[in-house]
Amino acid sequence: MYLEYWGLKELPFDNTADPRFFFESGGHLEAITRILFGVKTRKTIVLLTGDYGTGKTLVCETVIGRLPPNEYKVAFISNPRMESIDLTREIAFQIGEDIPSRFTYDVLHAFNDVLARHASTGRHCVAFFDESQNILSTSVLEDLRLLLNHQVGGRPPLTLVFAGQTEFGDMMKSIPQMMQRVGLKYHIPNLQADEVRHYIAFRLKTAGNDGSIFSDAGVGEIEKLSKGNPREVNALCDLCLLIGSLTGKKQIGVEEVLEAGRERA
């Protein structure tokens, strides 16, 4: 492993959802701000899309961390590949209600009851669906939409936040009734060229280095090859650090980046 060679305390470009390594680019900051606004103003559906590896999961986790627990009850569904009845039961379980029955009538009544109980104490319920493109079908989405019909005191007690890859937006568009409920939507862009430079330096610093491992030309080549996709930046940088340590380099330049790009092609 290259950690000792480069004077690092931990892997700087590991593709895990570690909030310490979350770089708030302009796009990420706007996504967080918009979702928080959508939740706090009680929009019924908030839609977040983005290409793979753009940081949708970390955006959602950051938003969750900023929601006061005395005001919100939150469910986070990391794998929504379930039938609608099981998704409803899972949301209920995470916000405090274990529903043993799988009969639709029983589940919906119990679900509405738990929403009403939280609303009576001033808490708003929020369900985040990560990897929403894995939702089984449009019929499941239709069933989830029906959960929004219940109101308490004339106000919606539940917000659904869908975070998925770009194609999920097309899936949503195929259900006009669903899109009519979308109160806010945002598409996370890839990193801009100058953001790639700051992103790499930020992650190196977080891992214990001053950020001078990559040359300016090397960073420029990473930006071109990755097209600003954070996950691709991570993969290229990780491989570059390995190549550089094996070949005894003092700094990562264009040569190492191009070799990493060939290996990933």
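The values are calculated or read from the model by the stated rules, or taken from the named source; none is laboratory data. Treat the numbers as computed from the prediction; the structure is a model and nothing was measured. Methodologically, a virtual Cβ is constructed for each residue, glycine included, from the backbone with ideal geometry; neighbour enumeration extends over all protein chains shown.
Please count how many residues of segment 186-235 are over 21 Å from the mean Cα position of the chain (by Cα) and hydrophobic (A, V, I, L, M, F, W, C).
We begin by selecting, within segment 186-235, every residue over 21 Å from the mean Cα position of the chain (by Cα); these are 193-194, 197, 201, 204-205, 207-225.
Those left that are additionally hydrophobic (A, V, I, L, M, F, W, C): 193, 201, 204, 207, 213-214, 217, 219, 222, 225.
Matching residues across segment 186-235 total 10.
Any residue in segment 202-220 that is under 15 Å from K249 (Cα atoms) sitting within a Cβ distance under 6 Å of a residue that is not hydrophobic (A, V, I, L, M, F, W, C) and not in a loop (DSSP other than H, G, I, E, B)? List the pairs, counting only those 6 or more apart or interchain.
Nothing qualifies.
Can you run down the residue pairs with Cβ atoms below 7 Å, 6 or more apart or on separate chains, where the first is in segment 167-192 and of a type in the set (D, E) and the partner is part of a helix (DSSP H, G or I) and surrounded by 14 or more Cβ atoms within 10 Å (Cβ to Cβ)?
Pairs that qualify, where the first residue is of a type in the set (D, E) and the partner is part of a helix (DSSP H, G or I) and surrounded by 14 or more Cβ atoms within 10 Å (Cβ to Cβ), are E167/Q133.
Would you please list the contacts, defined by Cβ atoms under 6 Å and residues six or more apart or on different chains, that run from a residue in segment 133-157 that is more than 26 Å from G50 (Cβ to Cβ) to a residue that is part of a helix (DSSP H, G or I)?
Hits for this filter: H150/N112; V152/A116; V152/A119; P157/L115; P157/A119.
Out of curiosity, is E232 farther than 17 Å from E255 by Cα and surrounded by 17 or more Cβ atoms within 10 Å (Cβ to Cβ)?
Numbers: farther than 17 Å from E255 by Cα: yes; surrounded by 17 or more Cβ atoms within 10 Å (Cβ to Cβ): yes.
Spelling it out, E232 is indeed farther than 17 Å from E255 by Cα and surrounded by 17 or more Cβ atoms within 10 Å (Cβ to Cβ).
Residues checked against (1) surrounded by 20 or more Cβ atoms within 10 Å (Cβ to Cβ); (2) in the same structural domain as C125 (by TED's automatic domain parsing); (3) hydrophobic (A, V, I, L, M, F, W, C); (4) in contact (Cβ under 8 Å) with a residue 12 or more places away in the chain:
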position: L8; (1), (2), (3), (4): no, no, yes, yes
position: A31; (1), (2), (3), (4): yes, yes, yes, yes
position: V39; (1), (2), (3), (4): yes, yes, yes, yes
position: K43; (1), (2), (3), (4): yes, yes, no, yes
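Every residue in segment 104-158 that is over 24 Å from T57 (Cα atoms), of a type in the set (A, V, I, L, M, F, W, C) and assigned to a helix (DSSP H, G or I), please.
Listed by number, the residues that qualify are V107, L108, A110, F111, V114, L115, A116, A119, L146.
Could you check how many residues of segment 1-27 are part of a loop (DSSP other than H, G, I, E, B) and modelled with pLDDT of 90 or more?
13
Might you check whether a residue that is closer than 16 Å to A163 by Cβ and out of contact with any His (no Cβ under 8 Å at 6 or more places or on another chain) occurs anywhere in segment 95-114?
no
What about T88, is it touching a residue at least 12 places away in the same chain (Cβ under 8 Å), surrounded by 21 or more Cβ atoms within 10 Å (Cβ to Cβ) and either in the same structural domain as N134 (by TED's automatic domain parsing) or not aliphatic (A, V, I, L, M) (or both)?
yes
Mind checking which residues of segment 61-85 are surrounded by 22 or more Cβ atoms within 10 Å (Cβ to Cβ) and over 19 Å from L147 (Cβ atoms)?
Once the filter is applied, which keeps residues that are surrounded by 22 or more Cβ atoms within 10 Å (Cβ to Cβ) and over 19 Å from L147 (Cβ atoms), segment 61-85 yields only V63.
Got a sec? Which of G261, G244 is over 27 Å from G27 (Cβ atoms) and either at pLDDT 95 or above or not in a loop (DSSP other than H, G, I, E, B) (or both)?
Exactly one residue qualifies, and that residue is G244.
Can you list residue pairs whose Cβ atoms sit under 6 Å apart, with the first residue in segment 51-66 being on the phi > 0 side of the Ramachandran plot and the second being outside any loop (DSSP other than H, G, I, E, B)? Count only pairs 6 or more apart in sequence or on different chains.
Final answer for the pair search is G53/P230; G53/R231; G55/H28; G55/P230.
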